[in-house]
Amino acid sequence: MRLCGTRSRVMRGCCALATLIAAACFLQIAASAQSAGDVTIRVIDENGRTIDCGVATFVNVDSREDFRSHFEGLRGTHIPYGTYLYSLWRRPPSDPGAVIEGRVEVRMAETLSIVKAQRLVLSRAQFAFDGRAPRDFVIRGRLEPMPAMPPTMPGWGEELTWIRLSPLMGDGPNLDVEVEASGEFCLHRPLWGSYLLTVNRGTRIVCVQPVEFQQGLRAPKPFVVSLSCPHVETMYVQ
């Protein structure tokens, strides 16, 4: 009887140990799965159009291990969490020095890295101008119709009608300009690419209009912003 009791206790102990080992393996596998994610890289030009590229290197800054083999096209899977430096090559290969480089933090199950690059890579000999606009350069625009002037509160000044141009794909600063009483406004800086034009009356958004500038350093014809678009209501994210 004692022998049977001893065997029973040994069997229960072995079962408990096996359960602990299985649980530890499961937790290790789960932790491993949670410490790796997928990465998608998208390369766009100044107008937001895709530039076809491939991954040349994708190196972890700590381990120095290259995870380029984890990529198919510009999507990588099972990338361990960490910080990575990557280099991309263009398809078809252009200037050998036109490598696109970036840095990305992989801390989530899905990571999207948007990279902005020039579509054409020009050498100094090919670059024909230094990008400075003529002194009299101006882009003229007009609002139609001019926003109605709301009644002002006693002691308050008249609300300003103004336009903000925000680059959609670039890293450049916003451009704010005042609108005259006639509805006309002037941009004294060359713009290129896609912008979001916002018409504001004081702190109220009157109209939002995507605009793409393609004139370079040549002053274009005056353009008209129609305010017949529906009024934009503020969305409150809480």
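The values are calculated or read from the model by the stated rules, or taken from the named source; none is laboratory data. Note that this is a predicted model, so its numbers are computed, not measured. Virtual Cβ from ideal backbone geometry, glycine too; neighbours counted across all protein chains shown.
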Assuming Trp156 fulfils every condition listed in (1) surrounded by fewer than 10 Cβ atoms within 10 Å (Cβ to Cβ); (2) of a type outside the set (Lys, Arg); (3) at pLDDT 90 or above apart from one, which condition is it? (3)
If we ask which residues in region 184-193 are modelled with pLDDT of 90 or more and surrounded by 17 or more Cβ atoms within 10 Å (Cβ to Cβ), their number turns out to be 1
The number of residues in region 163-186 that are over 15 Å from Gly48 (Cα atoms), in contact with a Leu (Cβ under 7 Å, 6 or more places away or on another chain) and hydrophobic (A, V, I, L, M, F, W, C) is 5
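If a residue has to be outside any strand (DSSP E or B) and either without any contact (Cβ under 8 Å) to a residue 12 or more places away in the chain or of a type in the set (Asp, Glu) (or both) to count, how many in region 45-62 make the cut? If you could, list the steps in order and put the result at the bottom.
In the first step, residues of region 45-62 are kept if they are outside any strand (DSSP E or B); the result is 45-49, 51-52, 61-62.
Filter again for either without any contact (Cβ under 8 Å) to a residue 12 or more places away in the chain or of a type in the set (Asp, Glu) (or both), leaving 45-46, 52, 62.
So the answer is 4.
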Hey, among Ala133, Ala148, Ala125, which residue is closer than 17 Å to Gly193 by Cβ, over 27 Å from the mean Cα position of the chain (by Cα) and at pLDDT below 85? Ala133
Single residue of region 105-122 satisfying the filter (within 23 Å of Met169 (Cβ to Cβ) and not in a strand (DSSP E or B)) that is modelled with the lowest pLDDT: Leu122
Looking at Gly102, Gly170, which one is modelled with pLDDT of 80 or more, among the small types (Gly, Ala, Ser) and under 30 Å from Ile41 (Cα atoms)? Gly102
Can you pull out the residues in region 45-64 that are within 17 Å of Ser87 (Cβ to Cβ) and either in contact with a strand residue (DSSP E or B) (Cβ under 7 Å, 6 or more places away or on another chain) or modelled with pLDDT under 90 (or both)? Ile51, Asp52, Cys53, Gly54, Val55, Ala56, Thr57, Phe58, Val59, Asn60, Val61
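Do the conditions hold for Ile51, that is, is it closer than 30 Å to Val211 by Cβ and either in contact with a helix residue (DSSP H, G or I) (Cβ under 8 Å, 6 or more places away or on another chain) or not assigned by TED's automatic domain parsing to the domain that holds Gly172 (or both)?
yes
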